[in-house]
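Note sheet for the following structure.
Just so it is clear, none of the values below were taken in a lab; they were calculated from the coordinates. Owing to the predicted nature of the structure, the values given are computational and were not obtained by experimental measurement. Ideal geometry is used to build each Cβ from the backbone, glycine not excepted, and the neighbour counts take in all protein chains shown.
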């Protein structure tokens, strides 16, 4: 089995947010829930300022506190070391969210994309199409729905009362593909691979550059590494 991890090269990152958008379209995340996000910081006083853009996602920690906190094992580690979630046994207690020091787990207060099934209002009556009509015409929960997200046993749209987070696109990885955020990055700033393979790109980069992780003091052993600087 593999031991997957990701490197984000901040020197290559252009801060475009393409990874955030790719993640949303691939994983059917509703408004207000973002598996991929970013941190922005500005330091100093003009003209001596420094800007930093740091993409963020689940760190798939080796010692994941969210897994330890889950009472039903809905949040668990798979055979490849990924931190994944089973919504079918999630009781919505939010214990994983409380244990998560990175704030990357979200809770569904409502059923995602429910407006596409209920909203029949139109901008111009008798002329423009309602959300409900568009969903019915495309025969899907919403027009840009990605059915492939649900092909690995994970719900394509997570139900009300459950949590969700980045899975490193495990439905793609199992078929030998890269996570969608990696593929979508125009600057090739993201590198994904097996940390136990000495010949993998991630292992090679970790041997060349001194990596950093978020909140190392938490002792979670994150498997998302940052190398070099944004500017």
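Can you sort 8, 227, 91 from fewest to most other Cβ atoms within 10 Å of each residue's own Cβ? Working shown, then result.
Details: 8 23, 227 19, 91 12.
If I rank by nearby Cβ atoms, fewest first, I get 91, 227, 8.
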Kindly provide the helix-only [θ] at 222 nm of the chain, computed as the sum of -39,500 (n - 2.57) over DSSP H runs of four or more divided by all residues, to the nearest 500 deg cm²/dmol?
-> -5000 deg cm²/dmol
Over the Cα atoms of the chain, what is the Rg over Rh ratio if Rh follows Kirkwood?
-> 1.01
Once all Cα-Cα distances of the stretch 9-59 are split into 10 Å bins that start at 0, what whole-number percent is in each one?
-> 21, 45, 24, 9, 1
What's the Cα-based Rg to Rh of the stretch 25-139, Rh via Kirkwood?
-> 1.13
Extension gain residue 159-residue 109, at 0.36 nm per residue separation less the Cα-Cα distance, in nm?
-> 17.1 nm
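Ranked by Cβ crowding within 10 angstrom, fewest neighbours first, how are 107, 168, 113 ordered? Intermediate results must be reported in sequence, preceding the final value.
Details: 107 16, 168 27, 113 19.
By the 10 Å Cβ count, ascending: 107, 113, 168.
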Where does the stretch 94-231 land on Rg/Rh, using Cα atoms and the Kirkwood Rh?
-> 1.08
Rounded to whole Å and sorted largest first, what semi-axes of the equivalent ellipsoid does the C-alpha gyration tensor of the stretch 44-84 yield via the square root of 5 times each eigenvalue?
-> 37, 11, 7
Extended-chain gain in nm, criterion 0.36 nm per residue less alpha-carbon gap, residue 41 and residue 203 = 55.5 nm
Report, in degrees rounded to the nearest 10, the 0 to 90 angle that the Cα long axis of helix 18-27 makes with the longest principal axis of the chain.
-> 50
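Roughly what % antiparallel, to the nearest 5, for the DSSP beta bridges in the chain?
So the antiparallel bridges amount to about 85 percent of the total.
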Post the alpha-carbon centroid distance, the stretch 154-180 to the stretch 2-67, in whole angstrom.
-> 17
Taking neighbour counts of Cβ atoms within 10 Å as a proxy for exposure, in what order, fewest first, do 85, 43 appear?
-> 43, 85
